[in-house]
Amino acid sequence: MLVERRARDPIVTGQPDPSRYRLTTAQIIYRLPDEPETLQTFIWQKFDIAPEFPELSKFLDFWRKNIDGELHSVKVAQGNGRARRFPHIVPASGGRH
């Protein structure tokens, strides 16, 4: 599944609600520039908002403009919708429990 921004998509104004962001992982399959019959995998991961995926869309736009490997396919997975807490990381101190 390729995520593409179409001209008719609404443009979001203002700041998105941070509670909507979930860890998103995309498996990007692309063709090697020197060997187009060979496919390679790239894993991308960032906090993003479904179903628009603005961060992933920006990255794929960057890829199309700046990277020689032609995109073959993109699979997207996202957390189950609950906000995650990371108790092993102590905020603002950089230390661990």
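Starting from region 29-49, keep only residues that are within 12 Å of residue 76 (Cα to Cα), then list their pairs with residues that are loosely packed, with under 13 Cβ neighbours inside 10 Å and among the polar types (S, T, N, Q) whose Cβ atoms are within a distance under 7 Å, requiring at least 6 positions of separation or different chains.
Sorted first by the residue in region 29-49, then by its partner, the pairs are 29/41; 29/73.
Kindly indicate whether any position in region 17-34 is aliphatic (A, V, I, L, M) and touching a helix residue (DSSP H, G or I) at 6+ places or on another chain (Cβ under 7 Å).
Narrowing region 17-34 to residues aliphatic (A, V, I, L, M): 23, 26, 28-29, 32.
Filter once more, so that each one left must be touching a helix residue (DSSP H, G or I) at 6+ places or on another chain (Cβ under 7 Å): 26.
Checking region 17-34: at least one residue is aliphatic (A, V, I, L, M) and touching a helix residue (DSSP H, G or I) at 6+ places or on another chain (Cβ under 7 Å).
Against the condition more than 19 Å from residue 15 (Cα to Cα) and among the charged types (D, E, K, R), how does residue 68 come out, does it pass? Give the derivation first.
Values: more than 19 Å from residue 15 (Cα to Cα): yes; among the charged types (D, E, K, R): yes.
Yes: the conditions hold for residue 68.
Taking the condition of being surrounded by fewer than 14 Cβ atoms within 10 Å (Cβ to Cβ) and in contact (Cβ under 8 Å) with a residue 12 or more places away in the chain, how many residues in region 55-66 meet it?
Quick first cut of region 55-66, residues surrounded by fewer than 14 Cβ atoms within 10 Å (Cβ to Cβ) only: 58, 61-62, 64-66.
Filter once more, keeping what is in contact (Cβ under 8 Å) with a residue 12 or more places away in the chain: 61.
Total meeting the criteria: 1.
Taken together, the values in this text are just the output of simple stated rules run on the coordinates, not laboratory data. This one's a predicted model, so the numbers in the text were calculated from it and none came from an experiment. Here the Cβ is made from the backbone with ideal geometry for all residues, glycine too, and neighbour counts use every protein chain on show.
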